[in-house]
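Novice: One structure, as structure tokens, below. Some questions next.
The values are calculated or read from the model by the stated rules, or taken from the named source; none is laboratory data. As the structure is a prediction and not an experimental result, all values here were calculated from the model. Here the Cβ positions follow ideal geometry from the backbone for every residue, glycine too, while neighbour counts run over all protein chains shown. Heads up: the accessible areas ignore ligands, DNA and RNA and are worked out on the full protein's heavy atoms, side chains in. Shrake-Rupley method; radii C 1.70, N 1.55, O 1.52, S 1.80 Å.
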Amino acid sequence: GDSVTQMEGPVTLSEEAFLTINCTYTATGYPSLFWYVQYPGEGLQLLLKATKADDKGSNKGFEATYRKETTSFHLEKGSVQVSDSAVYFCALYTSYDKVIFGPGTSLSVIP
Amino acid sequence: EAQVTQNPRYLITVTGKKLTVTCSQNMNHEYMSWYRQDPGLGLRQIYYSMNVEVTDKGDVPEGYKVSRKEKRNFPLILESPSPNQTSLYFCASMGATWGHADTQYFGPGTRLTVL
């Protein structure tokens, strides 16, 4: 069946370090891919998305490229800040109604 | 302000006592969904609704019921809660975009403890 795998962490980085959170998926068809972020005590909010192969989603300095050949959608940021500390979820939308989330990756950024 | 609201935000109850968690959205979205979030498991879809009077099971529907009598509301009902339903619950809504999925907007969450 369809699934999402992502590194679970926790990940601890120093401020201004480079961030990569890996996400790979298994799905039939042509899914849409999303990254959501959850700040402490809050609900999830969309960070970025890509709806077809080779699309690059970007927002707030974060980027992810939809790689169909490697079935991946890795999240990257060149220089993290303390305010980026949160849990990041990779999500797969196989169709209009079916949603699958990865387990989430907790990120802590220390000054 | 566009938003998804849930009530209550926190609830402690006992095994077998029926409860309802309400969810409401003001964006006129067709699609609504309920998730539970558990450590190490991410978010798992409980039920979803494509429109009024149209609901379907997600990955973990056992022990839950939903209804969609109005477009804006999508309550989650636990007829006989059990301790394994202790979790953090999120409601979400999404506009209808033909052909592909769109962004989901999440509520702030309801933390449920069943003793």
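Novice: For the stretch A:65-78, what does the Karplus curve 6.51 cos²θ - 1.76 cosθ + 1.60, with θ = phi - 60°, yield as ³J(HN,Hα) per residue in whole Hz, taken in order and with x for Gly and Pro?
Specialist: 10, 6, 10, 6, 5, 10, 6, 10, 8, 6, 8, 9, 8, x
Novice: How much of A:Phe89 can a 1.4 Å solvent probe reach, expressed as accessible area in Å² and rounded to 10?
Specialist: 0
Novice: Okay, moving on. Leaving ligands, DNA and RNA out of it, report the carbon-plus-sulfur percent of the accessible area of chain B at a 1.4 Å probe.
Specialist: Looking at chain B in its full context, I get 52 percent from C and S.
Novice: Next question, about the same structure. To the nearest 100 Å², how much accessible surface do chains B and A hide from each other in total, with a 1.4 Å probe?
Specialist: Buried: approximately 1900 Å² between A and B.
Novice: List the trypsin sites (Lys or Arg not before Pro) within the stretch B:48-115 that fall in a DSSP loop (any state other than H, G, I, E or B) and whose Cβ has at most 14 other Cβ atoms within 10 Å.
Specialist: Working: sites: B:Lys57, B:Lys65, B:Arg68, B:Lys69, B:Lys71, B:Arg72, B:Arg111; in loops: B:Arg68, B:Lys69, B:Lys71, B:Arg72.
Answer by residue number: B:Lys69.
Novice: If exposed trypsin sites (Lys or Arg not before Pro) are those in a DSSP loop with at most 15 other Cβ within 10 Å, what is the longest stretch of chain A that has none?
Specialist: Looking at chain A, A:1-51 is the longest stretch - no exposed trypsin sites (Lys or Arg not before Pro) with at most 15 other Cβ atoms within 10 Å.
Novice: Which entries in the list A:Lys68/B:Lys57; A:Lys98/B:Lys65; A:Lys98/B:Lys18; A:Lys52/B:Lys69 go over 23 Å, if you measure between the two C-alpha atoms of each? Before the final figure, lay out each step's value.
Specialist: Details: A:Lys68/B:Lys57 29 Å; A:Lys98/B:Lys65 18 Å; A:Lys98/B:Lys18 28 Å; A:Lys52/B:Lys69 35 Å.
Pairs exceeding 23 Å: A:Lys68/B:Lys57; A:Lys98/B:Lys18; A:Lys52/B:Lys69.
Novice: Give the accessible area for B:Asp102 in Å² (nearest 10); use a 1.4 Å probe, count only protein heavy atoms, and leave out ligands, DNA and RNA.
Specialist: 40
Novice: Something else: Which cross-chain or sequence-distant (5 or more) residues have an amide H under 5 Å from the amide H of A:Glu15, H modelled 1.01 Å from N in plane?
Specialist: Amide H neighbours of A:Glu15, under 5 Å, 5+ apart: A:Ile110.
Novice: Distance in nm between label sites at B:Ile77 and B:Gln3, each 7 Å beyond Cα in the beta-carbon direction?
Specialist: Output for this residue pair reads 2.7 nm.
Novice: Which far-off residues, 5 or more places away or on another chain, put their amide H under 5 Å from the one on A:Leu48, with H placed in the peptide plane?
Specialist: Answer set, sorted by chain and number: A:Trp35.
Novice: Specify the inter-centroid distance of the stretch A:1-54 and the stretch A:63-106, based on alpha-carbon positions, in whole Å.
Specialist: Going from one Cα centre to the other spans 1 Å.
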